[in-house]
Each structure stands twice: as structure tokens, then as C-alpha cells.
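Here is the structure we will look at, set down as C-alpha cells.
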Amino acid sequence: MVNIKNISDDFPILAQKINGHRFVYLDSAATSMRPNFVLDRIDAFYKSSAANPHRGVYALAERATAAYEGARAAVARFVGADTDEIVFTRNASESLNIVMYCHAQYALKPGDSVVIPISEHHSNLVPWQIAAAKTGAELRYLYTDAETGLIPDSEIERKIDKTTKIVAFAHVSNVLGLRFPAEKLVARARCVGAVTVLDAAQSVPHFPVDFHGLDVDFAAFSAHKMYGPMGIGVLYGRRELLEKMPPFLFGGDMIEYVREQDTDFAAPPHRFEAGTQNAGGAVGLAAAVEYIGAIGWANIESREAALMRRLTAGLAEQKRVSVIGDADPGARRYGVVSFNIEDVHSHDAATILDSFGIAIRAGAHCAHPLLDYLGVKASCRASLGVYSTEQDIDRLLECIPQVRRKLGYGD
Ligand SMILES: Cc1ncc(COP(=O)(O)O)c(C=O)c1O
């Protein structure tokens, strides 16, 4: 199931040539690739079991229901949650929007505050702007330290106060690759009675995450960033909170009973899953969980840490390259590093690197407020997956100097 020596061999998409070169995929933070193990499980589901879950009583429908609910149980174990606290959504963005529509807009009032780090992805930022606009609450930012890229304790103590009703934050920043102190933020939020929302989109692919252990109230992530398919994500909600929340979408199997003029809604998680669900996606996500388990966290963490050290040390040695976030090349980054090449727009850099078969991300990475705060217009971003290799890193480092040369600079 896993080719531990050459994990990249498990990923058929990586075997192709791009622009005549070996394909070097360094954009896993945008979406990770899928191994044969996951693709085969999805294929097998559609070939053998794909009736509509929770609808029929015949054998195939029972099999589809078992596959869908089995996937929920596997995901719950993966993130340290109870099975009925796991809601399947389309992606992390939808999960965060459900928290806004079904919890925040009822919980907030004028005089309250929502606190988030300035580094948030738009998916964990715009919903809070909308919540603030709808309710008259204040949206307040925690600013990162210019040297370390992290949030100073004093910022946490000062900004999260008795007016704070929601503290929402990414576990790992999709621009800086730095890990935020979830335990500290949750402890401070608890102190003032605020609800916590963890955006785990960039942490679940890189290290074990335990939602009960962290004591967060809500959490969100997407399958497609952790070797699963696109179109399925997860909302975790503490049971007592999910039970109090009204549904977001209506219809299909999210009901208990419908009368002519009113409806009793199903209990969570089904209350939040209107209409036919992405059962093939859920099966693919469960397969991705199994695949990660087969490689093992110790293996994943040590491989990725070594590759990231190689990458950040290599970037630090490059002339005219500056890394964003923590200036210390030894800082621990989780799968992501952003950088700029002097005088070069990141889109030009990414286009030139693509001509060498290297895929990196360029632009603002859905984090305009962070880039504005840092005074950076855009950046290049390289990000790793379990299939990334030393050769991938070395190829990127070898091609970066070519970028300025191609644009006519001397060095
Ligand atoms: C930190 C973070 N949160 C949320 C998202 C949104 O994920 P999705 O596009 O799958 O909804 C992303 C995607 O890049 C992300 O990096």
C-alpha cells in the first residue's frame, strides 16, 4: 500500500514530464496529490457500492451507508473526536462558513469581539468580517512579531478580553508555515469564556492533531490537502454546540420528520448534511487517513523536517532571496516556506520555474491582510508533501538563480 522507500512512486500524477522536465511539485499547501491507494478506493466505491447512503434498505444502499459512516468514524479517530461530532462538508471554507452562519451570527452582539491573527487565510477571515458586519461585533486582530512571525504572548493577553466571544486561528499559517500556539490561545479564550475555532487545513497533513486534546470548540480542514479528493471537507464541532445550532441548508436527509408547515431536524451531524452527500469523497478521505497511518507520523514528521531544513538552509545561502516570516533559517516550518527574489514579481518567478518543470505557488496566497501588514505585495511559496524528495528541493535551489538571469539581471 505504501512504497516507503520511494513514496513518490505511489503518486501517478508525479510521473509525468512538465515542459520536458521531471515534474517537481512544490505546491502541496494548495492541494496535495493523491496516491493510487486513495484513487483505487474511490474507484472501487463507485464500481461496487455507490448507491445513495441513508436512503435505501437494499443491500447496495446498506453498503454505501456503511462506507460513508465508516469514513466518518475513521476521520473522527484521526482527529481525536467523537464520530457524531464530524460533519462532512465540501471543504474547510464551507466548514468555517457553517460556524459563522449557524453559531456566530446568533452568538454575537454589539460590544462583543471576534479575535483572529492577522495571518489568517481569507477563508478564516472573511466569514468573521461578515459576522461582525451582521451583528455589530468588533473584528480584532492579533499581530505577528516582525522578527519571529509568531504572535507575542502580550498580544494574546491584551486582545482577548472579556468582550471576546470567538477566537479563530490557523494551527499552521499557509504563508509562513509557522505553527501557532493553539494551547495558549485556547487557554486564554477559555479564561474569558470565548468559543474557539481551529483552522486545521495546514496542520492535519503534517502532524497528529487531537481536537479533544486541544479542547477546541470547532475545527475545519479539507481532504484535498491531505492526499484525499477535492470536494470533501470536515467540520468538527463540540457536541453540545452542534446540538444547539440550527441547520444551514435544508432538504434531503437532514430531517427527523416534516409536517405541512414545519419540520423536526435530525440530530448532528446529519442536520448539517442536506441532500445527497459526496460519499465517494468520504471514502477517499478515509483512504487518505489510512495511507497517512501506513506511512506513520514519526516518518512523516522526520522526513518533512529534514526536507524543510534543507530547503530553508538552501534559501538562506542564495543571493538576493529573502524568506518571509521568521528570519531564522533554523525556525521550524511545517510544510510551507514563502520567499521573494529581489526585483522579481513572484508570478514571473513561478512562470520561469514552471519552464523547468517546477510547480510553486505565487501571489498573495489568500492572505491579503497579512501581506499588507508585512509590506509585501506577493511572494513565492514552496510547500511539501509526503512525496517530496531531496532531489525536488535541490532542483528548486538550482533553478532559483536562473530566474534573475532569464530576466536579464547579471546575477
Ligand atoms: C490555512 C487555510 N485555511 C483554509 C483554507 C481553505 O481551504 P479550502 O480551499 O479547501 O476550503 C486554506 C487553503 O489554502 C488554507 O491554507
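The values are calculated or read from the model by the stated rules, or taken from the named source; none is laboratory data. Remember, it's a predicted structure, so these values are computed and weren't measured experimentally. Here Cβ is always computed from backbone atoms with ideal geometry, including for glycine, and neighbour counts include all displayed protein chains.
Might you check whether a residue that is at pLDDT below 95 and acidic (Asp, Glu) occurs anywhere in the range 216-237?
Here is the first cut: in the range 216-237, the residues at pLDDT below 95 are none.
No, the range 216-237 has no match at all.
Within the range 124-164, how many residues are in contact (Cβ under 8 Å) with a residue 24 or more places away in the chain, under 16 Å from Tyr106 (Cα atoms) and not in a strand (DSSP E or B)?
10
Of Ile98, Ile86, Ile118, which residue is among the hydrophobic types (A, V, I, L, M, F, W, C), assigned by TED's automatic domain parsing to the domain that holds Val192 and surrounded by fewer than 21 Cβ atoms within 10 Å (Cβ to Cβ)? Steps first, answer last, please.
Details: Ile98 fails: surrounded by fewer than 21 Cβ atoms within 10 Å (Cβ to Cβ); Ile86 fails: surrounded by fewer than 21 Cβ atoms within 10 Å (Cβ to Cβ).
Exactly one of Ile98, Ile86, Ile118 is among the hydrophobic types (A, V, I, L, M, F, W, C), assigned by TED's automatic domain parsing to the domain that holds Val192 and surrounded by fewer than 21 Cβ atoms within 10 Å (Cβ to Cβ), namely Ile118.
Can you name the residue in the range 193-210 that is within 16 Å of the ligand (Cβ to nearest atom) and within 18 Å of Arg332 (Cβ to Cβ) and is also surrounded by the fewest Cβ atoms within 10 Å (Cβ to Cβ) among such residues?
In the first step, residues of the range 193-210 are kept if they are within 16 Å of the ligand (Cβ to nearest atom); the result is 196-207, 209.
Then drop every residue that is not within 18 Å of Arg332 (Cβ to Cβ), which leaves 200, 202-207, 209.
Working: Ala200: 26, Gln202: 28, Ser203: 23, Val204: 26, Pro205: 28, His206: 29, Phe207: 16, Val209: 22.
Going through the qualifying residues, I end up with Phe207.
Could you check the range 183-192 and list, in sequence order, the residues that are within 16 Å of the ligand (Cβ to nearest atom) and either among the aromatic types (Phe, Trp, Tyr) or in contact with an Asp or Glu (Cβ under 9 Å, 6 or more places away or on another chain) (or both)?
Restricting attention to the range 183-192, the residues satisfying the condition of being within 16 Å of the ligand (Cβ to nearest atom) are 185.
Across the range 183-192, there are no qualifying residues.
Give just the number: which of (1) closer than 30 Å to Gly410 by Cα; (2) surrounded by 15 or more Cβ atoms within 10 Å (Cβ to Cβ) does Ala313 not satisfy?
Ala313 satisfies all of (1) closer than 30 Å to Gly410 by Cα; (2) surrounded by 15 or more Cβ atoms within 10 Å (Cβ to Cβ) except (2).
Which residues, taken from the range 101-111, are outside any helix (DSSP H, G or I) and crowded, with 20+ Cβ neighbours inside 10 Å?
Initially, the range 101-111 is screened for residues outside any helix (DSSP H, G or I), giving 108-111.
Hit for the range 101-111 is Leu108, nothing else.
Just need a number here: residues in the range 70-128 that are within 15 Å of the ligand (Cβ to nearest atom) and basic (Lys, Arg).
1
Can you pull out every residue in the range 382-399 that is among the β-branched types (Val, Ile, Thr) and either closer than 17 Å to Ala350 by Cβ or buried (at least 19 other Cβ atoms within 10 Å of the Cβ) (or both)? If you could, list the steps in order and put the result at the bottom.
Here is the first cut: in the range 382-399, the residues among the β-branched types (Val, Ile, Thr) are 386, 389, 393.
Scanning the range 382-399 gives Val386, Ile393.
Quick check on the range 234-244: of everything there that is away from the ligand (no atom under 16 Å from the Cβ) and in contact with a Phe, Trp or Tyr (Cβ under 8 Å, 6 or more places away or on another chain), which residue is farthest from Ile13 (Cα to Cα)? Write out each step before concluding.
Step one: filter the range 234-244 for residues away from the ligand (no atom under 16 Å from the Cβ), giving 237-244.
Going one step further and asking which of them are in contact with a Phe, Trp or Tyr (Cβ under 8 Å, 6 or more places away or on another chain), we end up with 237-238, 241-242.
Details: Gly237: 34, Arg238: 37, Leu241: 41, Leu242: 39 Å.
Among them, the one singled out is Leu241.
Would you please name the residue that is farthest from the chain's Cα centre (by Cα), looking only at residues in the range 273-318 that are outside any helix (DSSP H, G or I) and in contact (Cβ under 8 Å) with a residue 60 or more places away in the chain?
Step one: of the range 273-318, the residues outside any helix (DSSP H, G or I) are 273-278, 296, 318.
Narrowing the set further to residues that are in contact (Cβ under 8 Å) with a residue 60 or more places away in the chain leaves 273, 276-278, 318.
Working: Glu273: 21, Thr276: 24, Gln277: 21, Asn278: 19, Gln318: 29 Å.
So the residue we want is Gln318.
Looking at the structure I just gave you, is Arg239 surrounded by fewer than 20 Cβ atoms within 10 Å (Cβ to Cβ) and in contact with a helix residue (DSSP H, G or I) (Cβ under 8 Å, 6 or more places away or on another chain)?
On the way: surrounded by fewer than 20 Cβ atoms within 10 Å (Cβ to Cβ): yes; in contact with a helix residue (DSSP H, G or I) (Cβ under 8 Å, 6 or more places away or on another chain): yes.
The answer is yes for Arg239.
Among the residues of the range 45-61, write down those that are loosely packed, with under 15 Cβ neighbours inside 10 Å and assigned to a helix (DSSP H, G or I).
To start, the set of residues in the range 45-61 that are loosely packed, with under 15 Cβ neighbours inside 10 Å comprises 46-48, 55-60.
Within the range 45-61, Tyr46, Lys47, Ser48, Ala59, Leu60 qualify.
Within the range 215-233, how many residues turn out to be surrounded by fewer than 23 Cβ atoms within 10 Å (Cβ to Cβ) and away from the ligand (no atom under 16 Å from the Cβ)?
Final tally of qualifying residues: 1.
Look through the range 166-182, keep the residues that are within 10 Å of the ligand (Cβ to nearest atom) and more than 22 Å from Leu242 (Cβ to Cβ), and return whichever of them is surrounded by the fewest Cβ atoms within 10 Å (Cβ to Cβ).
Val172
Every residue, every condition in (1) within 18 Å of Leu235 (Cβ to Cβ); (2) of a type in the set (D, E, K, R), yes or no:
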residue: Thr263; (1), (2): no, no
residue: Pro268; (1), (2): yes, no
residue: Leu285; (1), (2): yes, no
residue: Val289; (1), (2): yes, no
residue: Ile292; (1), (2): no, no
residue: Glu301; (1), (2): no, yes
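Does at least one position in the range 151-160 carry a residue that is within 16 Å of the ligand (Cβ to nearest atom), touching an Asp or Glu at 6+ places or on another chain (Cβ under 9 Å) and within 19 Å of Phe218 (Cα to Cα)?
Of the residues in the range 151-160, the ones within 16 Å of the ligand (Cβ to nearest atom) are 151.
Of the ones still in play, those that are also touching an Asp or Glu at 6+ places or on another chain (Cβ under 9 Å) are 151.
Those left that are additionally within 19 Å of Phe218 (Cα to Cα): none.
No, the conditions are met nowhere in the range 151-160.
Here is a list: Gly335, Gly325. Which entry is of a type outside the set (Phe, Trp, Tyr), within 16 Å of Ser28 (Cβ to Cβ) and in contact with a Leu (Cβ under 9 Å, 6 or more places away or on another chain)?
Numbers: Gly325 fails: within 16 Å of Ser28 (Cβ to Cβ).
Only one candidate passes the filter, namely Gly335.
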